[in-house]
Each structure stands twice: as structure tokens, then as C-alpha cells.
There are 2 protein chains.
Amino acid sequence: MANFLSIFTMRNLFVLSLALNLSLIMRVFYEGEKHGPHELSAQKADSRLEKEAHATQRTLVSLSSSGQDDGEKLINLDHGDPTMYESYWQQMGEKTTVVIPGWQSMSYFSDVKNPCWFLEPEFAKQVVRLHNLVGNAVTEGRQIVVGTGSSQLFLAALYALAPKDASEPISVVSAAPFYSSYPSMTDYLKSGLYKWAGDALSFDKEGPYIELVTSPNNPDGFVRHPMVNRTGGILVHDLAYYWPQYTPISSAADHDLTLFTVSKATGHAGTRIGWALVKDPEVAKKMVKFIELSTIGVSRDSQLRAARILEVMTNSSQNPGRAESGESFFKISYHLMAERWQLLREAVNRSRFFSLPDFQQGFCQFLNQVSQPQPAFAWLKCEDDGVEDCESLLRGHKILTRGGRSFGVGPKYVRVSMLDRDHNFNLFLKRLALIQT
Amino acid sequence: MANFLSIFTMRNLFVLSLALNLSLIMRVFYEGEKHGPHELSAQKADSRLEKEAHATQRTLVSLSSSGQDDGEKLINLDHGDPTMYESYWQQMGEKTTVVIPGWQSMSYFSDVKNPCWFLEPEFAKQVVRLHNLVGNAVTEGRQIVVGTGSSQLFLAALYALAPKDASEPISVVSAAPFYSSYPSMTDYLKSGLYKWAGDALSFDKEGPYIELVTSPNNPDGFVRHPMVNRTGGILVHDLAYYWPQYTPISSAADHDLTLFTVSKATGHAGTRIGWALVKDPEVAKKMVKFIELSTIGVSRDSQLRAARILEVMTNSSQNPGRAESGESFFKISYHLMAERWQLLREAVNRSRFFSLPDFQQGFCQFLNQVSQPQPAFAWLKCEDDGVEDCESLLRGHKILTRGGRSFGVGPKYVRVSMLDRDHNFNLFLKRLALIQT
């Protein structure tokens, strides 16, 4: 709690009362703005203080407004749909609006001189700029490969890394609990190139293998390193959640093949854009070939939109609080996640039913302070001996989550999205409290 | 030639001289507009006559401006990059401009009530409206599945139609010459579900099979029907080119599974949006599953853009010439294709080196007139006995095409894109003429 409070400055507290008074008016604005971007500039709040207080304000508004629980609505926290971030981008107003005329970006080709010919130069530029600012990945000496979300890049990586002339498919492993889609994504086409081989910790087959290292890990949020107890593995690092709002940025990742996605970085899941940083040009070339064969490139419209969003995000952290750049995305998001984790931990600590992972705090090079891991998912465990299936228990209370079995572990665990809109997150807390009493 | 001229009215001829005078000014405008959509409304030409003369004007401007052939530039007509259409959409000005605010379409979900949960309702609505207008496909009783281009939908269809528990992969066939990417798209992952089995005409293996019916066909432009000489085949109809500018619309296609793509209909290849019309809800469900596993849905930004473009395209044909709807997309495009084919046939007829397919004219229900097939690709044959490899011959003249071997036939054939920008198309004609003399 002390650590949580330390991230709020006196300034935050000073503007709190103002923010509370403004909150209702702002809510009305947001509802009205949803379909009228052009009206936004006239309406948008231009007070810097007002924006800076946003993180603090939201908690209190949420707690009061979430009083109405009709008890019937199913809360879907099964997917990691990052709608929590909508609020921030509403506040940023027209800065991130893209305008695409009908004759723009019609050709298949974004950049014929780039080995990744469907990569928009502006998107590549903003990716490099963002990594340089945040310090979470080395971009020098890397080919950027853009994909239709990082799912497509994961499949492209398997295709690129699997030997083409092997007598049997290469094994693909990841330490349990692993991302629930890895097994089905690897096996759905019954490929002769690669095959899911389960938990990296129990993997002992001879020969080459591909190990997926997700860090921080989905579902449990822990920092991960390769787990197979021998050398010779080909590594794919999925760093979708290696951003300051979720985990301390300890150093710039410097791996052979690293995946990122816009959806978890900025919240724009519907845009379907991810990127890979690839050291070996031959591997990058094969990934490009995969994307050619599966979708003939990646939507140029979405890349242009993503480029704009990354640009604004970087600007906001470089010059926080200036009228032209807005409030720092990462600081606001860090505060929001800190709040939510604080509230969830309080609720869980009051009960004998559930537990949450304990994380080591660490120094975040980007925030320049000690920070706590506060993952995009809560990896909740039912501690009660009488409950075998935590997913069913929660479903009975109209909370949809994803059970441990999907992640290669037991049904005592569930994964819960921490990125839903305020209202749903608060309903989740309320219903969790009911189970405990 | 008589048929070609008959599509021009006296009105076209009347405005021709005006159009020619304006053309240079308009070109200067377009160059200036490329990066400044907001300036467009003030600058855009509002004369209806001027627009109506566009098709005629373009030929003459092109013929004069294409006089400069530096002789060194490689013309890439290997891909079917539909940049020819940029001009039309420039003329349509702001009508097709999309504005996407930063907080819009952030969720993964477009429509949770639709089995295809990532389908934007507005896109689905415009697809139905367009088919109803053109009369090229039955949409009633079909599930629309949106894809990242029709390539993804082709793969989704294979996944959905292949039996999951068969002892060997199902055979996938298409009559030669077939689309050059079918074999590699089918086999690149060495799937245990499906396998490329070559030319449908020589296919005689027992058991189930999937036949790809591309009509009009890529590369040769002919109308196609299933070719395997027995029943029991599962059919996938690829109707990417079944639009009035390419072929007479004889009736509304009424198949089990039909693929379309925005890139060939409107020219927006960079947007990566295709759609399938699927009769069996279970097949549609499996296609949705495929897209979930490969890319977790389809870019919502691109669907919104595509919806706007289809809407404007339909409006333009419903109310041609009205200021608010613009000149008919299909009529303008039909004229353009007619011109290009006319010029190409003239060039080919003058030579002893090449030949082109002869097509049967037919009645087009949409244009309400007899019309000629005028495919998006020219399927050129080297008739000279001394030339074995037509692709190499043309490459020697700095014309990149795709040789017959890629399409399952001999190297005497090449496929040439007819959809490039005016300048390149005219360079192509000039260089072709040089080979003949």
C-alpha cells in the first residue's frame, strides 16, 4: 500500500476535488463524442491538471458509479480485451485521429526496397522511436517484420524456424502455465513442419526444438527465461506485456526473435497489428514469405493508424503535460494498473477463498523508480479445499474467466483480464467480495 | 472496335476537348493532393461533364504523355497490383475519406452476436447492398465471413472443408492454367488436412477432393465451371474477378462457398479485405475459427474503410452523375478496361509474335448491354517458334511478367497485369511494339 501511494504526488491530491467535480461532465462528453470526432476539439478538456488527475479520479468515480450491479449481466473477463485504454485515448482527442483518403495506400506494396515489402516506413520509424524511448528492446541490427497481430507473427516464426527437410516436425514447447492458444495455434493445421510438445519443464526429447518464452508471462505475469534444461533450443520471445504499465523495464531485450503487439501496448486490439524484431535476415525473409502466402501482406490502413498512435504515445512520454503532447500514456496506465491491483489484492486478502501470485518489485529504467509487476491478467487461485473448479465457481457468479487447464495446469487456477472497462472491473470486485462472505 | 465505340455517347465526344484542356491542370492538382486530403474539397473539380469524359480523356493523355520511355525502367506487370483505379478514387475526392478517432474500434470484437464476431456490421451491410445492385451473387441465406484478403479466406475454406479425422490429407485441385499461388498456399505448411493435387483435368484419384473454381479465371480470363469429371467434389468458387468491368454479369452466383476481394473489385489491395459467402453455417463457423487462430479476427479499421468505399461505389452506380454520388465506378472502369484491351489487341494483331485468348461476348445484366470479357490479366502466348520462354523474352525488354509454368502450363505463356497505372501500361504497349518490328 505504501508503495502504491508513493506514486501519487501532492499535485495529484491537489487536483482530486476538481477532478471529481468534472468527472460527470466529462462522462457526458465522452458519450456524445463516440460518433462525432469532429466535435471533439471544441469540447475536449484542455486543463492539464484535470488530465493529470485522471488516474486518481477514475478509481473514485468507478467506486461510486459501480454501485449499481443488476446481478444479471455476465462479465466476460475470459479474453484480454484491452478496453480499459479507451478512456485515455478519448482524453487525447484528435491527436490520434487518422484521416485516410480513398486513393491512398491502394497498392499491395508499402516499400519495395524493404525485404519486408509490406511494412509501412512510418510504422517502422515509430516502432524504433518507441523502443528507444522505453528502453525495452534493442532495435539496432534488427529487421522489423509487421504482422496481422502478433498471432500471425508467432505462426510466421514457427514457419521460418522449422527445418524444411526434417523427417519429423520440430517440437514446440513453453513452460506451464503457458498462453492457452499456443497448443491450438501450433497444431490446428496438423503441420508437418512443427508440432506442439507441451510443457518446457518436462520436455526431454532429443533433437532440435523451439521454445516460446513469454515475459512477463501470460497468464501468471512472472518474468520468464528459457526453461528447457539444455542448449540447442531455438527461442522465440513473446514480449507482448514488456511495457512499463505491466512490469519494471529492467533492460533492453536483446534476443534473436522478439514479438510485440499494439493491442497490449496501446490497447488497440481491433487494429490487428504486431511486429517482430528479427536478428537473422534469412529468418526475417522466411517470415515475410509466410505473411505473403497467408495474407499477401498486412493492412496498410492499420499500420498507418498504429503509427499515429505510437507516435502520440511516444510524444506523450517525451513531453508529458504539454498541450500538444498530452499526459504520459505510460504514467497514466501505470497508475491505473496500480490502482486495480491494489483493489484486487485488498479484496483477495480479505478472503480465505483466493490467492494471487506474489511478485518481486524491481527498478524500472523507464519510470526511474522501483515499481511492482502489475500484470494484464490476474492469475487467481481458489485456495478453498471444497472448490475443485475455480472457473465454474466464478461462472456461477456471472464472471467468465479462463480455467487453468487451458494453460497446462490444474482447474484450481483461473486467468482474469485486468484490462476491461472500469464498470466491469468494479462489478468483478463486487462479485468477488460476495463469494467471500 | 464498333462495339468499343458504341459505349461512348455523343456527350462524351462533346466534352472531350474541354477534358483535354483540363487534364494537365487536374494532374497538377492530384499530385498536390496526395498528402493533403483536407485541401481536396476546395480544389476538386465539380464539373460533371469533365468527369464523364474521364475514360476517353485518359487514353489520349496517356498516349501523348507516354512518349517518354527512358528505356531503362523495369515495368513490373508480374503482380496484379490494381493501381489503375487510383485515378477514379482521386476524382471522387473526399467521398471515400475515412476518419478514425483514436478511441474507436479498440476492442477485438465487432459484433458479439454474429457467429463471425469480428465482422463489422457496416461492412456486411455494404457487401449485401453491392451484390444486390450488381446482381453477381446471392447473399440471402449466406453467412458473410470477412478475411484479411481472400487469401486468408481461401486457407480458411480449406481448413473448414477438409475432414479432421481422415487418414490422409484431402486433395485440392484446380484446372490448369490455375492461379499460381494455389499450390504453394496449399502446401507451404505441409498440412495433414489438405494437399495440392494439381490440374483438375487430369485428377483421377478416388475419394473426396476440393476443387477450386476461379471464374473468370486467373490467369486466362475464361468463365469456368467445375472440371473434374465426376461428382462428390467439394467446390470453392473464387469470384474475385466476377465484376462488370472484367466480364459480363450473366446471373447471380449461387454456390456453397464463394470468395470475393476488395482488391480486385475496387482496387484497394493495400487494405487487405476479402469476404466469403457461405451457405452451411457449420462451414462458416470453422472458417471463423481458422481466422481466430491465425490472426484473432480482421482489422476493424480496414473493414470500416472498405465499407465506406463499397458504399460510395454502390451509390455511384445507383445515381450516376449526381454531384453527391459521382460518376459510376463500374461504367468508368468498364470503359478503361475496354480501352486497354482494344489497344493491346491492336498491338498484338499487328505482330506475328504474340496471341491473346478469344472470348465470347455476352449479355451483362448489370450494364444492360452485350459486353466483352476484358480480364484483369492478359494471357499472352508467344507464337514464334524460335521463342520457348516468353517470360525471358519480355524480361529482356524490361517487362516483368509471370511465366506459364507458375500456372501449371508451358513457358510459351505469360500472365500480364492489365491494372497498372496508365504510364506503365503505355510503356508496356510501346515495348511490345518494339519486339514486333
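At a threshold of 8 angstrom on Cα-Cα distance, excluding pairs fewer than six apart, so keeping six or more, what relative contact order does the stretch B:121-316 reach in percent?
Numbers: 360 pairs, mean separation 59.4, N = 196.
That works out to 30 percent.
Please quote Rg/Rh for the stretch A:251-319 to two decimal places, taking the Kirkwood radius as Rh and restricting both calculations to Cα atoms. Mind dumping the intermediate values first?
On the way: Rg = 13.7 Å, Rh = 13.6 Å.
Checking Rg against Rh, the ratio lands at 1.01.
Rounded to the nearest 0.05, what FRET efficiency do B:Ser251 and B:Lys279 have when you use their Cβ-Cβ distance and R0 = 22 Å? Don't jump to the answer; show the numbers that get you there.
Working: r = 17 Å, r/R0 = 0.76.
It comes out at approximately 0.85.
Between copies, how close do the A:Pro281 label points come, placed 7 Å along Cα→Cβ, listed in nm from shortest?
Nearest first, the other copies' label points are 5.3 nm away.
Specify the inter-centroid distance of the stretch B:199-245 and the stretch A:92-147, based on alpha-carbon positions, in whole Å.
The distance from the Cα centre of the stretch B:199-245 to that of the stretch A:92-147 comes to 38 Å.
How many partner chain Cβ atoms sit within 10 Å of a residue's Cβ in peptide B:141-148, on average, as a whole number?
On the way: counts 0, 0, 0, 0, 0, 0, 1, 12.
Shielding by partners across B:141-148 averages 2.
Place the label 7 angstrom along Cα→C-beta at B:Glu140 and in each other copy, then list the distances from the first to the rest in nm, shortest first.
6.7
Show me A:387-397, A:322-332, B:300-310, A:288-298 ranked by packing, highest mean number of other Cβ atoms within 10 Å first.
Numbers: A:387-397: 17.3, A:322-332: 18.9, B:300-310: 26.7, A:288-298: 23.3.
With the highest mean Cβ count within 10 Å placed first, the list reads B:300-310, A:288-298, A:322-332, A:387-397.
What spacing in nm lies between the two simple spin-label points modelled at B:Leu133 and B:Val112, each 7 Å away from Cα in the Cβ direction?
3.4 nm
Tell me the volume per residue, in Å³, of the convex hull enclosing the alpha carbons of the stretch B:336-430. Don't skip to the end; give the middle numbers.
On the way: hull volume 10.7 nm³, N = 95.
With only Cα atoms used, the stretch B:336-430 gives 112 Å³ per residue.
Count, for each residue of A:272-281, the Cβ atoms from other chains sitting within 10 Å of its Cβ, then give me the mean as a whole number. Could the numbers behind the result be given before it?
Numbers: counts 12, 2, 2, 0, 0, 0, 0, 0, 0, 0.
Per-residue shielding by partner chains comes out at 2.
Mind jotting down the distance between the C-alpha centroids of the stretch B:341-381 and the stretch B:382-434, whole Å?
16 Å
What FRET efficiency do you get for A:Lys398 and A:Arg322 if R0 is 60 Å and r is their Cβ-Cβ distance, rounded to the nearest 0.05?
Details: r = 44 Å, r/R0 = 0.73.
Computed FRET efficiency for A:Lys398 and A:Arg322 comes out at 0.85.
By a straight-distance test (C-alpha under 23 Å), which lysines pair with A:Lys205 as possible cross-link partners, with residues fewer than eight away in the same chain excluded?
Within reach: A:Lys164, A:Lys190, A:Lys195, B:Lys190.
In square nanometres and to one decimal, what's the mean projected area of the convex hull around the Cα atoms of the stretch A:121-316?
Values: hull surface 42.5 nm².
So the mean shadow area of the Cα hull is 10.6 nm².
What average number of partner chain Cβ atoms lie no more than 10 Å from the Cβ of the residues making up A:106-118? Intermediate results must be reported in sequence, preceding the final value.
Values: counts 15, 12, 10, 6, 1, 0, 1, 0, 0, 0, 0, 0, 2.
That average works out to 4.
Run the simple label-point estimate for B:Lys205 and A:Phe363 please: 7 Å along Cα→C-beta, distance reported in nm.
Taking the two extended label points, one gets 6.2 nm.
Taking a label point 7 Å from Cα toward Cβ, how far is B:Asn76 from its twins in the other copies, in nm, shortest first?
The projected label point of B:Asn76 is separated from its counterparts by 4.0 nm.
Each reported figure results from applying straightforward, stated rules to the coordinates on display, with no laboratory input. In this text the structure is predicted, and so the values were computed from the model without any measurement. Counting neighbours? That spans all protein chains shown, and the Cβs are built from the backbone with ideal geometry, glycine included.
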